[in-house]
Amino acid sequence: MSFIELCKYIFLGFIQGMTETIPVSSSGHLMIFKNLLDLDINFDTIAIVTNFGSLIAIILLFRDDIIRLITNFFKYLFNHNKEAKYDYQYCWLIILGCIPAGLMGLVVSKLDLFAKIENNIKIVGISLIITAILLFIIRNFKGKKHDYDISGKNALTIGLFQILGLFPGISRSGSTIVGGLTQGLTRDTAFKYSFMLYIPMSIAAMALEVTDIFKTTIDAITLFYYLIALLVSLVVTFLVTKWFRNIVNNGKLIYFVAYCFIVGILILIFM
């Protein structure tokens, strides 16, 4: 076991955890460091592993909401419990919000539409600038709609925004939060709904990608490195997402506008 090698995996887990849930694109940042550093690492596999760590963190963070929603969904489905009705409807709004990006994701995957651009670092620079523009437009938006005020039209519109997150370098959380704010959701409602969409979308993506891991032979040392990267990603994602929620609620998205714009310009000039 090499300490230097271990540090590489810890670093990549940290980068994933830092960038997965904030509007700066984790995949874009992994690509940036792939270009900057000469790392002899399977980036496709490490992305799957660290994404799984982030998924666990989000599930832990929203565990009370998830348990309540699932419980009330079946309470209303089988017993028509009136107190469970709104959570039942909210579950269907999550499903509806996932449909546009889910269908587009299948098309992109089957036709390999991003094959020529997904490893193009300049695309990441452009995508970060696009993200900065979107965040700048909605930076002062303050909606009034809460969880149970979301309509089917709102959910579908936010789902269409989520399609932007399929594009290499564009943040999924950023695009869905932007979509939620344009639909008049409160900042916290937009934040929560964004991550309610993240969970099923991430599980679906993991299911499609996990077969790639089993096709490769992984020795015990590398497996240990992957486990460490996963744990680092989990812990950092959990902490960063709690911090990001406060940033969104306090209307401080301008920080990410500046970051995305500056990094995007630097990529276009120097990489």
Top-ranked residue in segment 34-78 [being polar (S, T, N, Q) and part of a helix (DSSP H, G or I); ranked as nearest to LYS122 (Cα to Cα)]: ASN35
Every residue from segment 10-27 that is touching a helix residue (DSSP H, G or I) at 6+ places or on another chain (Cβ under 7 Å) and hydrophobic (A, V, I, L, M, F, W, C): ILE10, LEU12, PHE14, ILE15, MET18, ILE22, VAL24
Qualifying residue in segment 185-200 (condition: part of a helix (DSSP H, G or I), among the small types (Gly, Ala, Ser) and crowded, with 16+ Cβ neighbours inside 10 Å): yes
Complete set of residues in segment 138-147 that are out of contact with any strand residue (DSSP E or B) (no Cβ under 7 Å at 6 or more places or on another chain) and either modelled with pLDDT under 95 or not in a helix (DSSP H, G or I) (or both): ILE138, ARG139, ASN140, PHE141, LYS142, LYS144, HIS146
ILE267 β-branched (Val, Ile, Thr) and closer than 20 Å to GLU20 by Cα: yes
Segment 213-246 - residue that is among the polar types (S, T, N, Q) and surrounded by fewer than 16 Cβ atoms within 10 Å (Cβ to Cβ) and, of those, nearest to the chain's Cα centre (by Cα): ASN246
Unique match (being small (Gly, Ala, Ser) and either surrounded by 18 or more Cβ atoms within 10 Å (Cβ to Cβ) or within 21 Å of ASP65 (Cα to Cα) (or both)) among SER109, SER173: SER173
Complete set of residues in segment 153-171 that are free of Cβ contacts under 8 Å to residues at least 60 places away in the same chain, part of a helix (DSSP H, G or I) and within 14 Å of the chain's Cα centre (by Cα): PHE161, LEU164
GLY184 within 19 Å of ASN140 (Cα to Cα), in contact (Cβ under 8 Å) with a residue 24 or more places away in the chain and among the small types (Gly, Ala, Ser): yes
Residues satisfying the stated conditions in segment 79-121, i.e. in contact (Cβ under 8 Å) with a residue 40 or more places away in the chain, in a helix (DSSP H, G or I) and under 25 Å from PHE43 (Cβ atoms): ALA101, GLY102, MET104, GLY105, VAL108, SER109, ILE121
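The values are calculated or read from the model by the stated rules, or taken from the named source; none is laboratory data. Note that the structure is predicted; figures quoted are calculated from it, not measured. With ideal geometry, Cβ positions are generated from the backbone for all residues, glycine too; neighbour counts draw on all protein chains shown.
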